[in-house]
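Quick notes on the structure that follows.
The values are calculated or read from the model by the stated rules, or taken from the named source; none is laboratory data. The structure displayed is predicted, hence computed values, not measured ones. So basically every Cβ, Gly included, is an ideal-geometry build from the backbone, and we count neighbours across all protein chains shown. Heavy atoms of the whole protein, side chains included, go into the accessibility calculation; ligands, DNA and RNA do not. Shrake-Rupley method; radii C 1.70, N 1.55, O 1.52, S 1.80 Å.
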Amino acid sequence: MRKKNAFISTIFCLLLLFTFNPCAQITDEKAASLANQFLPPAIFNYIQFSKGNSWLESAIANPLLEIQLKQALQYLAFKIPNDSSQYVLLGWSNYDQVYWRLLKSPDNGVTFTMVQDSEIWYDAFPYGFSLRAQDLTNDGIPEILIEHAQERLTVLTWRNEKLVCITPGTEKIINDKYGFFATDLWTSDGISLIDYDGDNVAEILVPTYFALKWPIGPDGKEDSSSGKIGVPETPNRLYKFNGNNYFLWKEFPWSNDDPFPLIVPSIGIFHPGTIPLSELSSPGNGELRLFVSHPGARNTVEDIETSSLKFKDIAASFKKQWKNNKQPDTTSANWEWMACPVRCTELKNQGEWNPSPEDPYFPSPDERTELHFVGPYLEFRIPKSAVFPYLYKTASTAFNKEPDRTEYFISVPISGKMKNGKLLSVS
């Protein structure tokens, strides 16, 4: 991929994705400088107490590197509607805990003051974390999401000029001056934000947590000879916003017969896969082709409600069902991606990614293999004018932040339903 000329787009769907433009930008260098200036005394004291045994030491020694590596130090710049000030949230991570400070600038980022100090260690964020803004409650004001790999989540909302935690399991445990919030929103297989009841407010779906355990042998004792297996320990949990906080609304027990009680996963790709950045500013009247794979679990493409797929409020038009002459049967699958069967092969295609409609595939993140559709798949069309502005905005922001990048994978929110009423997640 050539710099400034192209980026790679693929499709990822959480069924509801209320996007919020932070409308405030600072550089990594500026954020690193602010992290030095507003370093919490609690963190400094902790490091002095546990010298040589803290991720925080590297965040203090080289904050810019930690930001670029997206590890022990993160930041998020954002604005609040009808508020002229700029805000920056700084977060420091230490193994499985996160500490944050909120900064405010009344002069467009020239000077900052601290307006909120968490005084709290947020529990259950191991091995790095991320900060992002997203309007979950559809009131025009962004929520702040603190998350780790979609497996841990804490949601903060803006209330009375402060950030307030609105996710459950947040009873403060006092330990000297500081404590921590333990979040109920944890799992082993990806938290999703979905509009389950159609009220334009996101519910939070926390799938079953699978613990790795030794299987029990015929003698009733643990058998370590065959390796650990995943044992379901929690039901699927759905949390709903009640106007003030998120609360546990529904539970769906795990079942091997129905492993996806709410969302059926599928895989989708655009054709062409690679689009020059210069084309995105002038979408014209053309269309993108969208290919949707055999869904996961015991579903088939025949179970997809073909009239339901859309990007935001723009419907995708169904064109045809492909037989898949190269991989006509799902038994040719040798891998699963997002719980969907695929055929994993060596990476054979070089240059830009533009899969043939007769053989939809996408490059694996390991950069050594490619994943091909198996079994029948569906083709849809969607107007370029609906998708290109989103792609252009997202890609431009990414390239401005990382000017040395020559390609970029972009997630596009596509929603859908199954004929039985379940939601369809096109990943």
* Asked: Do we have Glu336 as at pLDDT below 90, in a strand (DSSP E or B) and open to solvent by 20 Å² or more (accessible area, probe 1.4 Å) here?
  -> yes
* To do: Could you list, in sequence order, all residues of segment 207-228 that are open to solvent by less than 80 Å² (accessible area, probe 1.4 Å) and part of a loop (DSSP other than H, G, I, E, B)?
  => Pro207, Thr208, Tyr209, Pro215, Gly217, Gly220, Asp223, Gly227
* Asked: Residue check: is Trp55 of a type outside the set (A, V, I, L, M), crowded, with 20+ Cβ neighbours inside 10 Å and either touching a Phe, Trp or Tyr at 6+ places or on another chain (Cβ under 8 Å) or at pLDDT 90 or above (or both)?
  -> no
* Among the residues of segment 68-100 satisfying the criterion of being outside any strand (DSSP E or B), in contact with a strand residue (DSSP E or B) (Cβ under 9 Å, 6 or more places away or on another chain) and in contact (Cβ under 8 Å) with a residue 24 or more places away in the chain, which is surrounded by the most Cβ atoms within 10 Å (Cβ to Cβ)? -> Ala72
* **Scan of segment 295-321 for residues that are open to solvent by less than 40 Å² (accessible area, probe 1.4 Å) and either of a type in the set (A, V, I, L, M) or touching a Pro at 6+ places or on another chain (Cβ under 6 Å) (or both), ordered by number** => Gly296, Val301, Ile304, Leu309, Ala316
* To do: Could you please give the count of residues in segment 127-156 that are among the hydroxyl-bearing types (Ser, Thr, Tyr) and either out of contact with any strand residue (DSSP E or B) (no Cβ under 9 Å at 6 or more places or on another chain) or surrounded by 22 or more Cβ atoms within 10 Å (Cβ to Cβ) (or both)?
  => 1
* Structure fact -> Taking first residues from segment 316-334 that are without any contact (Cβ under 8 Å) to a residue 24 or more places away in the chain and second residues anywhere that are open to solvent by less than 90 Å² (accessible area, probe 1.4 Å), the pairs with Cβ under 7 Å that are 6 or more apart or on different chains are Asn334/Arg343; Asn334/Cys344
* Structure fact -> When segment 280-298 is checked residue by residue, the ones that are at pLDDT 90 or above, farther than 12 Å from Val387 by Cα and not hydrophobic (A, V, I, L, M, F, W, C) are Ser293, His294, Pro295
* To do: Could you list all residues from segment 101-110 that are touching a residue at least 60 places away in the same chain (Cβ under 8 Å) and outside any loop (DSSP other than H, G, I, E, B)?
  => Arg101, Leu102, Leu103
* To do: Name the single residue, out of those in segment 229-282 being open to solvent by less than 40 Å² (accessible area, probe 1.4 Å) and of a type in the set (Val, Ile, Thr), that is farthest from Ile410 (Cα to Cα).
  => Thr234
